[in-house]
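Please treat every number below as a calculation from the coordinates, not as lab data. Because the structure is predicted, anything quoted here is derived from the model rather than measured. Neighbour counts are summed over all protein chains in view; Cβ atoms, including those assigned to glycine, are modelled from backbone coordinates with ideal geometry.
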Amino acid sequence: MPQEVLDGLSVEKRIAGWQRSLSIVGPDMTCVVTDDANIVVGFAHYGLARDATYVDQLRGELFAINLQPEVWRRGFGRQLCEQVLAHAAARQWHFLSLWVLRENIRARAFYESLGFIADGGEKTESTLVGAPLNELRYRKQLPTAPHGSH
């Protein structure tokens, strides 16, 4: 996201929004990851896919993953994604998708290292921050349980 957009975010509004989101009982889930001192250093938020692509298949979406910059490249992001992928497989979702900024080469390489592939989906989001954000959709096929097992 552009730095000027990040600089303009209100901590108070974000806290209030997350408190509302986390208090709602529903199909969305959030995982957190802590460091050795048991301090939260990141989170992943996921749930049922929001777009209608692959509507005939059970599909989840990784809505957001964020880590404190000081813990980047220390395995916490991979740990969060592996938790989400395990939960998605346990829910018997066929795919997990996500949207990533086209210009975020570092994030795209990270998702690709986890087996996500760009599936051709593209969109421009302009309502979220008031400026156009060009995004690509990535997806990962999840292992399915053999017939007759749960």
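Overview of values
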item: Förster-model FRET efficiency, 35 Å R0, MET29 and THR124, C-beta, rounded to 0.05; result: 0.80
item: Ranking of LYS123, LYS140, LYS13 by count of other Cβ atoms within 10 Å, fewest first; result: LYS13, LYS123, LYS140
